[in-house]
Amino acid sequence: MNIGRRSFLSFVIGGAAGTAITPLPWKLIDDSSIWSQNWPWTPVPPDGEYSQVNSVCTLCPGGCGITLRKVDDRVVKIEGMKGHPINDGGLCLMGLSGLQLLYGPTRVKTPLKRVGKRGEGKWEKISWDEAISEVTKKLADIRSNGESHAVGSIVDSESGTVPNLFKRFLTAYGSPNFMTMPSIQDTYGMTLQLMQGVSAQAGFDAENADFILSFGSGIIDGWGSPVRMFKANSAWKANGKKVVQIEPRLSNTAAKSDKWIPIKPGTEAVLALGLANVIITNSLDSKKISRSTGFESFKKLVQNEYSIDKVSKITGINSATIVSLAKNFARASKPLAICGKGQGSIPGSLNEFMAVHALNALVGNINKEGGVWAVTETDYIKWPKLEMDSVAENGMQKERIDGAGSEYPHANSLLNRLAEVINSGDGSLEVIFVSGANPLYSMPDSKAMKTAFDSIPFVVSFSSYMDETADNADLILPNHVYLERYEDVPTLAGLSKPIVGLTRPVVKPQFDTKHVGDVVMLIAKALGGGMADAFPWESYEACLKETLGVKWDVLVEKGFEFNGDKCILEGDFNFYPEAMKSLSNFTPVSAEGSAISYPLILIPYDTIRLANGYIGDPPFAIKAVEDTVLKGKNSCVEINPKTGKELGLTEGRYASLLTPRGKAKVKVHLYEGIMPGIIALPRGLGHTAYDKYLAGKGCNFNELIGPAEDPVSGLDAAWGIRARLTKV
Amino acid sequence: MKEEGKHKKAKKYGMVINLDECTGCGACMVACMAENNVPFKEDESNKLDSIAWMRVYKLTNGKSYPEADICYLPRPCMHCEGEHGHSPCVSVCPATATDYNHETGIVSQIYTRCFGCRYCMAACPYHARYFNWWDPVWPEGSTKYLSPNVSPRMRGVVEKCSFCFHRYQLAMDKAFLEGRTVLEEDEYQTSCTQACPAGAITFGDLNNPEHKVHQLAKPDNKHGGRPGNPNVFRLLERLGTNPKVYYMSSREWVRQAGDNYLDNEDFAKNYRH
């Protein structure tokens, strides 16, 4: 074919005209944009029938009501339940991201038996029958050797049917070693016992108070029942109520308060006693109280030992501030003093709690509107009396491994002592059950805790998630998560009106998991004899229904019920119980370490965006963490720019943080809101387990600190530790 | 139907955020992520590529210890009205993938129209827009909680806060079935407003004097909705973007942080609220 100039041109022009006229190129561009956005891996969530179910959040002790939005059998959103007495529609970010725990990658999907070394992550899937017979065999052997007291359990709290099933199980088995995760409730309970002679918890009528004096409590950082405290805080703002925050760091609570008074960490009790001195000396105290037991000795103590000058010197707060604070507090019509640092997961010094509680008594707000109420939960658990056989009786005679009730007579449980007792060879356990708790992460000196666990031959975890403790267990018997199970949720958490809620199965179990209550009963039944008789119920659900009785219907219908009483103060308020005598030569609980090798002081801080208990941050929550708290793989420490200058550290620099207990590589964040000489590190980071969204991020504060035993209560009173920060 | 619509008074949905009450807890951020199928990646500590339709910023007063103070500021999309609906992002979008709805005052984002030029991101003075650099990946099983009301986005498109527009549509559908054309104030609330544990966010129709947002902000519609309440301000007021998100604070330094002032400028004189 001969292509001439003419035919070439007509071909080109004709082609161009033809292309321009056909819709083909435009269609192709359009198609390509549609095609490029229709990848099969971009999910299209299926539509379906919409419904709503009410339940209760169990991710923290706060007890918020939740409403779950469902599409067919999927839950697509968790929202706060409107009209619930605690949260009335609001919800915190953990509660909101709960679905990532239900459907997320961190679930344990079947019972697992360890095949590799501990913590190596090598597991074998086993059936529930095998798992239960494994535990039963072990327990039967130990019991027949008369070593029943060498079995222990760690659960999240003392109240509710599940913890009580564990307690009953251990009692019937013959072990006193029922241990719970520590919190400020332990210390408040003891304070009320010693000063008011009641076995009760402190309930704060925060909503009605008009002057709130907080000794480092993270009112809006997750203290108490978090959403309830947020709401109270907003109400204070709206009604012009005053909040004074005392702590060395400008926390969110301090920033939102009317006055932030920085204090040398660990000297809060001294300040409280100094304030008491001003109140008594100026006769600002409530006259009704002055006739109370121990008042004269208390008065002598504060006037002789806690002069304003001395208090000012110890706490670093100037005298005028102390005097005006005391006067403003005492002159308010409904003042309220609270303590328990941060989110309240460290029990704290008993002296400090008693000193602060004495302030409440001085201004006469005990069992008053806007004050502190002694509240008790209604004990709805009325189970048939336990028939103990001789093995059980013998086992229960033995002293607890943690020394609670013997060495420390006021304490119920002292998990903080477990690691030291085991590691020093003073005691040992053969089997430990862990349910709803993650002690290998959240106990101070978590490495020592791990060493202790390493020496326990058989560790059984009931965790729904692959947390640090489950990761180091021999057997995991995964519980349903809270959206898959029935369970009563009694809530105290500083409420002046305790509540019990009911969490219920909103979806059917997603994996091959079993309710921990059922598993405990199955093990007991497999052990037979008196153990089987102790659990006459056919399932946990049957047990729960029978236990709740008439409450069951109310809880199913409404989701919650008020469940408690306010105790009437009987007899006197005791200002100076025996346990407080040590105050006469009071020296604050000091931070571990020598000032020469460790010139700075490391304190932890809590933020509501980081969970530091059994639940680890789900992906949404960790996403919400600021880049001045977590950057890449490193936690950020806060130091004052002055301290930074002295150390030659600038913003964003890497540094090595060293304490007598451990070390970590951190990033420096210069913050004007922290006292010079102090380093603050967020809690809730540094997980090694769970999933890739949480593991390996930042460092765990608990690896850097050790417990400090309170001399009276035995509880952990460590508020910080000496540290060194150096350039790397 | 269309005629009827014309006679209806235009709504102007907006928000008032009380910064005195805001605790910086981040519940709004997560409530938004959970509601709107926002994806997440392994590392979200690089905030430049971390998609958060609602982001809480921390402001500092710049003073030294112990006079230092901080305040949190939640930042959704401002749904700027600009002048006559010319929001900065809408006017630069070559694909009409983002548009100003004159009926509701909401600035939309239509993912299937967006082809990822990111002009809107450059135009937005509030950094409220985020680009999907990667396809979203949900861990196995996690797609079960995705809501059918909001389509998950794909790589190469821009996304931002929609004032939970799907909730408006659902509420309108419900009202229509009940034979109503007007929504009650509580029928349409954004996910963040609902979740805020401190109750710091108020949402509603700024044009409706009965709505709380109107009462709090006292918008002056003759001047682009400028707030009449002296404690209320908008971000970068002087740019003239006329945002529909208002902030309230009793602290002067916080109000001052809402806009750029020269060092020698008289804030009291030039503060436009």
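The values are calculated or read from the model by the stated rules, or taken from the named source; none is laboratory data. This is a predicted model, so every value here is computed, not measured. So basically every Cβ, Gly included, is an ideal-geometry build from the backbone, and we count neighbours across all protein chains shown. Just so you know, the surface numbers come from the protein's heavy atoms only, side chains and all, with ligands and any DNA or RNA stripped out. Shrake-Rupley method; radii C 1.70, N 1.55, O 1.52, S 1.80 Å.
Filtered by the rule that a residue be open to solvent by 20 Å² or more (accessible area, probe 1.4 Å) and without any contact (Cβ under 8 Å) to a residue 24 or more places away in the chain, the range A:621-630 gives A:GLU626, A:ASP627. For the range B:247-255, state whether one or more residues are open to solvent by less than 30 Å² (accessible area, probe 1.4 Å) and either on the phi > 0 side of the Ramachandran plot or part of a loop (DSSP other than H, G, I, E, B) (or both). Yes, the range B:247-255 contains a residue that is open to solvent by less than 30 Å² (accessible area, probe 1.4 Å) and either on the phi > 0 side of the Ramachandran plot or part of a loop (DSSP other than H, G, I, E, B) (or both).
Taking the range B:1-98 as the region of interest, the helices (runs of 4 or more DSSP H) fully inside it that hold 2 or more residues being open to solvent by 30 Å² or more (accessible area, probe 1.4 Å) and more than 7 Å from chain A (Cβ to nearest Cβ) are B:2-7, B:88-92. Out of A:LYS514, A:LYS525, one residue alone is touching a residue at least 24 places away in the same chain (Cβ under 8 Å) and open to solvent by 10 Å² or more (accessible area, probe 1.4 Å). It is A:LYS514. Scanning the range A:164-187 for residues that are open to solvent by 10 Å² or more (accessible area, probe 1.4 Å) and part of a helix (DSSP H, G or I) yields a count of 7. Among the residues of the range A:453-460, is any open to solvent by less than 10 Å² (accessible area, probe 1.4 Å), within 15 Å of A:VAL520 (Cβ to Cβ) and touching a residue at least 12 places away in the same chain (Cβ under 8 Å)? Yes, some residue in the range A:453-460 is open to solvent by less than 10 Å² (accessible area, probe 1.4 Å), within 15 Å of A:VAL520 (Cβ to Cβ) and touching a residue at least 12 places away in the same chain (Cβ under 8 Å).
Please go through the range B:99-111 and pick out each residue that is open to solvent by 50 Å² or more (accessible area, probe 1.4 Å) and aliphatic (A, V, I, L, M). Once the filter is applied, which keeps residues that are open to solvent by 50 Å² or more (accessible area, probe 1.4 Å) and aliphatic (A, V, I, L, M), the range B:99-111 yields only B:ILE110. Checked against the criteria, A:ILE596 does not count as within 14 Å of chain B (Cβ to nearest Cβ) and among the aliphatic types (A, V, I, L, M).
Summed over the range A:703-724, residues that are open to solvent by less than 10 Å² (accessible area, probe 1.4 Å) and touching a helix residue (DSSP H, G or I) at 6+ places or on another chain (Cβ under 6 Å) total 4. Each residue in the range B:167-203 was checked for being open to solvent by less than 60 Å² (accessible area, probe 1.4 Å), within 12 Å of chain A (Cβ to nearest Cβ) and of a type outside the set (S, T, N, Q), and 9 of them qualify. Report whether or not A:ALA611 is in contact (Cβ under 8 Å) with a residue 40 or more places away in the chain and either among the hydroxyl-bearing types (Ser, Thr, Tyr) or more than 10 Å from chain B (Cβ to nearest Cβ) (or both). Taking the combined requirement at face value, the residue satisfies it.
Of the residues making up the range A:631-661, those that are open to solvent by 10 Å² or more (accessible area, probe 1.4 Å) and out of contact with any His (no Cβ under 9 Å at 6 or more places or on another chain) number 16. Taken as a whole, the condition of being away from chain B (no Cβ under 14 Å), touching a residue at least 40 places away in the same chain (Cβ under 8 Å) and not small (Gly, Ala, Ser) does not apply to A:TRP26.
Going residue by residue through the range A:200-215, is there one that turns out to be within 11 Å of chain B (Cβ to nearest Cβ) and crowded, with 24+ Cβ neighbours inside 10 Å? No, the range A:200-215 has no match at all. Considering only residues in the range B:136-163 that are away from chain A (no Cβ under 11 Å) and open to solvent by less than 10 Å² (accessible area, probe 1.4 Å), the one that is farthest from B:CYS192 (Cα to Cα) turns out to be B:VAL158. When the criteria are applied in full, A:SER157 fails the requirement of being in the same structural domain as A:LYS525 (by TED's automatic domain parsing), assigned to a loop (DSSP other than H, G, I, E, B) and open to solvent by less than 20 Å² (accessible area, probe 1.4 Å). Taken over the range A:616-650, the criterion of being away from every other protein chain (no Cβ under 13 Å) and in contact with a strand residue (DSSP E or B) (Cβ under 8 Å, 6 or more places away or on another chain) is satisfied by A:GLY616, A:VAL637, A:LEU647, A:GLY648, A:LEU649, A:THR650.
Conditions tested, residue by residue: (1) assigned by TED's automatic domain parsing to the domain that holds A:LEU610; (2) outside any loop (DSSP other than H, G, I, E, B); (3) under 25 Å from the mean Cα position of the chain (by Cα).
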| residue | (1), (2), (3) |
| --- | --- |
| A:LYS667 | yes, yes, no |
| A:ALA680 | yes, yes, yes |
| A:LEU685 | yes, no, yes |
| A:ASP691 | yes, no, yes |
| A:PRO707 | yes, no, yes |
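Give me a count of the residues in the range B:112-135 that are assigned to a loop (DSSP other than H, G, I, E, B), open to solvent by 30 Å² or more (accessible area, probe 1.4 Å) and more than 7 Å from chain A (Cβ to nearest Cβ). Of the residues in the range B:112-135, 7 are assigned to a loop (DSSP other than H, G, I, E, B), open to solvent by 30 Å² or more (accessible area, probe 1.4 Å) and more than 7 Å from chain A (Cβ to nearest Cβ). Every condition in (1) closer than 30 Å to A:ILE261 by Cβ; (2) in contact with an Asp or Glu (Cβ under 9 Å, 6 or more places away or on another chain) is met by B:ALA10 except one, and the failing one is (1). Here A:PRO226 clears all of (1) in contact with a Cys (Cβ under 7 Å, 6 or more places away or on another chain); (2) more than 30 Å from A:SER464 (Cβ to Cβ) except the condition numbered (2). Residues in the range A:4-26 that are open to solvent by less than 90 Å² (accessible area, probe 1.4 Å) and in a helix (DSSP H, G or I): 12 in all. Scanning the range A:248-261 for residues that are closer than 11 Å to A:GLY673 by Cα, of a type outside the set (Gly, Ala, Ser) and more than 9 Å from chain B (Cβ to nearest Cβ) gives A:PRO248, A:ARG249.
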